[in-house]
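This report refers to the structure that appears directly beneath it.
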Amino acid sequence: MQAGPLLIGIGYAILWWLAMALVPEAMGKGIDAIRAKDLPALLTWGAVLLGLGIVQAVAGILRHRMAVYNWLSAAYRTVQVTVRQSTRLGATLPKRMSTGEVVSVGNSDIAHIGNAMDILLRGTGAIVAIVTVTVILIRASLPLGLMVLIGVPIMAVAVAPLLRPLHRRQHAHRDLQGDLSTRAADIVAGLRVLRGIGGEQVFADRYTEESQKVRHAGVRVAAVESMLEGAQILLPGLLIACVTWLGATFAIRDEITAGQLVAFYGYAVFLIAPMRALTEAADKLTKGHVAARRVVRILTLEPEVSGGAGHSGGGLLRDVASGVAVRPGVFTALAATSPEEAVTIADRLGRYGDGDVDFGDVPLDTLPLAEVRRRILVADNGAKLFAGVLRDELDVSGEASDEDIADALRTACAEDIVEALPGGLDGYVAESGREFSGGQQQRLRLARALTADPEVLVLIEPTSAVDAHSEARIADRLAKARAGKTTLVCTTSPLVLDRTDQVIYVEGGVVRAQGTHRELLATVPAYTALVTRGEDS
């Protein structure tokens, strides 16, 4: 997709470098014409110089334009494919990679990849320019041409030993940056908790310690880069000094003309630019390679679950391993002895984890994953509120009416949140909904799930962060709002359990009892102990 613009940019870069490379030759010819008092030749070479200047200006503008285009295209196409892959991976991504590693793609990796595309244009043109200058020098003087022809590879070989340690240190630095970004994200997300338990200073000290590790790693990278930068000056300078000295010697012996001597001086100065471009290319391509490996690592990840091409008419949603069966049109509760058991079962029911699950008379894993996501919604307390307009935050599909949103807000007891927000539904929500308390965020997440109105709704502890009065109202309204619709609520709250049609009690990952809340209270002591403990807390 980017090959065309890259080739066009390389073409402009070659033309730009060639225009500069031919200037000393044309200038030398003009000086020889002055010494020979050949006016027509002087005018000709003067016109050639003017033409080269125009070509250089136009090609330079076009080259830079294409360089910026390729930089932006490579950088932001990387962002696009990374975001698309992140969406495809879904719940798999946070299990395989840290937040910091993914964020670092947008923070630094895209710049390195863009720089690699940029230097590819100038680097290719620089190689062509050096070859052209070498041919010109060989034609004028075989020793000078051979000096350049041999000197350039020697410089490349001299720089090569720096690239391996540079690559290794950049890789280590990049890993530490990702870890530090993850640490920063965790601190910001948990700042309220840290302040509540007095752990701010502890985590600040840990962050300081890790940031120092990143700094030291950066210094180690800079040490190699400084040597590389020095080599960009020293090595071309030595070669240029040798070419200049040898050219001056030949001029004194009358083996070359005065114009050729001036041309040699011009080439000696000119060669600094393409040679520096080559050493710069080595540095930027190395960094781009490190960044590209990170991106490729994300792109090669595969989702833990996949879908098929089947279809289900709906019906009983049953998890074979645990025995949990959610009947269609029934408001069901799942009370598990540990929250982890409930989450694991919910993940299998929503196809976020592998498992033997039937939807009607069809295995769930034979359905297309997009269809499963559309028909079965699993809403947990880890779901995020994104920055943007509240209306768009609640109605993610853009298909709900104002009445639908209002009903969902009322069911979740979240009308007061909207009323307090400047602009109401058209008000702006900050990143992660940080202006809302934990209970407010939970109620908005519930309203968002209800607005989606899926065929099967699985809620994980939807009222754990609200007060008892609000919880009772939510339980009443939720039972009425989802009447006749397939719903599973994972909770141990008596206020919610008492308003469900059926309760499934799970212990050790397996169904131990089923019935109404009051039936289980009267017949299952373990269930009574679990619910009573939840009530006492």
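Observations on the model:
- Residue check for Val458: more than 30 Å from Gly424 (Cα to Cα), at pLDDT 95 or above, out of contact with any Phe, Trp or Tyr (no Cβ under 9 Å at 6 or more places or on another chain) and open to solvent by less than 40 Å² (accessible area, probe 1.4 Å): no
- Test: Ile405 is open to solvent by less than 30 Å² (accessible area, probe 1.4 Å) and out of contact with any Gly (no Cβ under 9 Å at 6 or more places or on another chain): yes
- Note on the stretch 23-142: no enclosed helices (runs of 4 or more DSSP H) hold 2 or more residues that are hydroxyl-bearing (Ser, Thr, Tyr) and in contact with a Gly (Cβ under 7 Å, 6 or more places away or on another chain).
- Residue check, Ile240 at negative phi, part of a loop (DSSP other than H, G, I, E, B) and more than 35 Å from the chain's Cα centre (by Cα): no
- Candidate set: the stretch 298-311, residues that are in contact (Cβ under 8 Å) with a residue 60 or more places away in the chain and either among the basic types (Lys, Arg) or open to solvent by less than 50 Å² (accessible area, probe 1.4 Å) (or both); chosen: the one farthest from Leu488 (Cα to Cα): Ile298
- Selection of the stretch 220-236 for residues being among the β-branched types (Val, Ile, Thr) and at pLDDT 80 or above yields Val221, Val224.
- Check on Glu340, farther than 22 Å from Lys485 by Cβ, among the charged types (D, E, K, R) and surrounded by 14 or more Cβ atoms within 10 Å (Cβ to Cβ): no
- Within the stretch 66-85, the set of residues being open to solvent by 30 Å² or more (accessible area, probe 1.4 Å), under 30 Å from Arg373 (Cβ atoms), in contact (Cβ under 8 Å) with a residue 24 or more places away in the chain and not β-branched (Val, Ile, Thr) comprises Tyr76, Arg77.
- When Ala479 is tested against the conditions (1) within 27 Å of Lys384 (Cα to Cα); (2) touching a strand residue (DSSP E or B) at 6+ places or on another chain (Cβ under 6 Å); (3) open to solvent by less than 20 Å² (accessible area, probe 1.4 Å); (4) of a type in the set (Gly, Ala, Ser), the lone failure is (3).
- Residue among Leu495, Leu530 that alone is part of a helix (DSSP H, G or I) and open to solvent by 20 Å² or more (accessible area, probe 1.4 Å): Leu495
- As a summary of the residue check, Tyr267 satisfies the conditions (1) of a type in the set (Ser, Thr, Tyr); (2) open to solvent by 20 Å² or more (accessible area, probe 1.4 Å); (3) touching a residue at least 12 places away in the same chain (Cβ under 8 Å) except for the one numbered (2).
The values are calculated or read from the model by the stated rules, or taken from the named source; none is laboratory data. Please read all numbers here as calculations on a predicted model, not as lab measurements. Note that we place each Cβ from the backbone using ideal geometry, even for glycine, and neighbour counts take in every protein chain shown. Just so you know, the surface numbers come from the protein's heavy atoms only, side chains and all, with ligands and any DNA or RNA stripped out. Shrake-Rupley method; radii C 1.70, N 1.55, O 1.52, S 1.80 Å.
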